[in-house]
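*Asks:* One structure, as structure tokens, below. Some questions next.
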Amino acid sequence: QVRLEESGGGLVQAGGSLRLSCAAFGRIFSINAMAWYRQAPGKQRELVAAITSGGRTNYADSVKGRFTISRDNVKNTVSLQMNSLKPEDTAVYYCNADLRATMRSALYDYWGQGTQVTVSS
């Protein structure tokens, strides 16, 4: 079974930084895109940043210039460096991976359990 494990959330003051990490474990043949999503109370889950296996990145407009996504294709990890954090960045952040468990498997989305990020003003 594949699982994604996140770490790095916490409480930080506005203007501060946090780094989120996520590792994929289990039977994995290949990973396509990896991404970070977030969900604030009362809001829908939204894409924060995504990165392809080739390193192409995509960011939500609200985080461009402040957040950086990166990945290690050997270790099956993805990270999110968050700088200049704002109170509106407060949310539960989820790791996502689009992967094949075996060579013949279909692509399937896997999710981490979520990690809380709270930015105080």
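The values are calculated or read from the model by the stated rules, or taken from the named source; none is laboratory data. Quick caveat, the model's predicted, so the values are computed rather than measured. When we count neighbours, we look across all protein chains shown, and the Cβ atoms used for this are built from the backbone with ideal geometry, even at glycine. The accessibility values were calculated without ligands, DNA or RNA, using every heavy atom of the protein model including side chains. Shrake-Rupley method; radii C 1.70, N 1.55, O 1.52, S 1.80 Å.
*Asks:* As a test question: what accessible area, to the nearest 10 Å², does D61 have when a 1.4 Å probe is rolled over all protein chains in place?
*Replies:* 120 Å²
*Asks:* Once fully extended, how much extra length lies between N83 and T68, figured as 0.36 nm per residue of separation less the alpha-carbon to alpha-carbon distance?
*Replies:* Details: separation 15, 0.36 × 15 = 5.40 nm, distance 0.85 nm.
In short, 4.6 nm is gained.
*Asks:* Check cross-link reach from K64 to the lysines: straight Cα distance under 24 Å, and skip same-chain residues fewer than eight apart.
*Replies:* Straight-line reach from K64, under 24 Å: K43, K86.
*Asks:* Can you give the FRET efficiency for R104 and S17, using 1/(1 + (r/R0)^6), R0 = 41 Å, r = Cβ-Cβ distance, to the nearest 0.05?
*Replies:* 0.45
*Asks:* So how much slack lies between S7 and N58, counting 0.36 nm per residue of separation and subtracting their Cα-Cα distance, in nm?
*Replies:* In short, 16.2 nm is gained.
*Asks:* Next question, about the same structure. Please report the antiparallel percentage of the DSSP beta bridges confined to the chain, to the nearest 5. Walk me through the numbers before you get to the answer.
*Replies:* On the way: 40 of 44 bridges.
Within the chain, antiparallel bridges account for around 90 percent of the total.
*Asks:* With N residues in region 1-101, what two-decimal value do you get for its Cα radius of gyration over 2.2 N^0.38 Å?
*Replies:* Rounded to two decimals, the normalised Rg is 1.05.
*Asks:* Continuing with this model, one more query. Where does each of K64, K75 land when they are ordered by accessible area, with a 1.4 Å probe and the largest first?
*Replies:* K75, K64
*Asks:* Which loop-located chymotrypsin sites (Phe, Trp or Tyr not before Pro) does region 26-56 contain, where loop means any DSSP state but H, G, I, E or B and the Cβ has at most 12 other Cβ atoms within 10 Å?
*Replies:* Sites meeting the loop and neighbour criteria: F29.
*Asks:* Here's something else I'd like to know. Please compute the contact order of the chain in relative form: average sequence separation of alpha-carbon pairs under 8 Å and at least six residues apart, divided by the residue count, as a percent.
*Replies:* 36 percent
*Asks:* I need the per residue convex hull volume for region 73-121, using only the alpha carbons, in cubic angstrom as a whole number.
*Replies:* Spelled out: Cα convex hull of region 73-121, divided by residues, is 90 Å³.
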